[in-house]
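Just so it is clear, none of the values below were taken in a lab; they were calculated from the coordinates. Quick caveat, the model's predicted, so the values are computed rather than measured. Here the Cβ is made from the backbone with ideal geometry for all residues, glycine too, and neighbour counts use every protein chain on show.
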Amino acid sequence: MKTKTLKIKTLKTLLIATLLSNVTAMAMTAKVDDKDKVVYEVVKGESKGAQKKFGLAADVSYKSEHVDVGVTSNVNITISTKLSKGTLKVNLRPLDKEGLDVEEKDLEFSLTKETNSFPIELQLTSQKSGIHYINVTMSVKGEGSKVVAIPVKIGTISQKLNNNSSVEKTKEGVAVSVSSAQEEIK
């Protein structure tokens, strides 16, 4: 009888521990600001599948944490290419130097048949709310270059700023970015 009671207590303890860890995990993935009811998320994206332009045959994927002003955001960038020789030169810099507290970085990676994916981790902060960008400039001598802008969301972002353009498809299936504009004719 004692072993049955012990098993039930163990099962209850295990169940409670599992529920608490699930609640903790959910609480860690979203931050709710009581004042504005803002939910912060992780921003993800990649250049794979985007319309190919002339330039370096390299793709970029990223994840950046949407955080509050003054809080450190972890930004993970992965550059992948099918090139197997040469040196991949990467320059990382904020588009607005006063917007993000991160130093410009110049990195170099040796390309081989076995090594063609390169993870980069950044930690940055900002004292200004808004969508800030990190420019990633990549080049390989003789193969061309490519520039990708990675968004980093900080603080409360106006819905107007966040949804100022939309993508529509033409009859031919080409994606076109449509943005609102204000014109004044004199």
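What the table below lists for this structure:
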{"quantity": "For peptides 112-118, 100-106, sequence by mean Cβ density within 10 Å, most packed first", "calculated": "100-106, 112-118"}
{"quantity": "At most 12 other Cβ within 10 Å, DSSP loop - chymotrypsin sites (Phe, Trp or Tyr not before Pro), region 49-111", "calculated": "F54"}
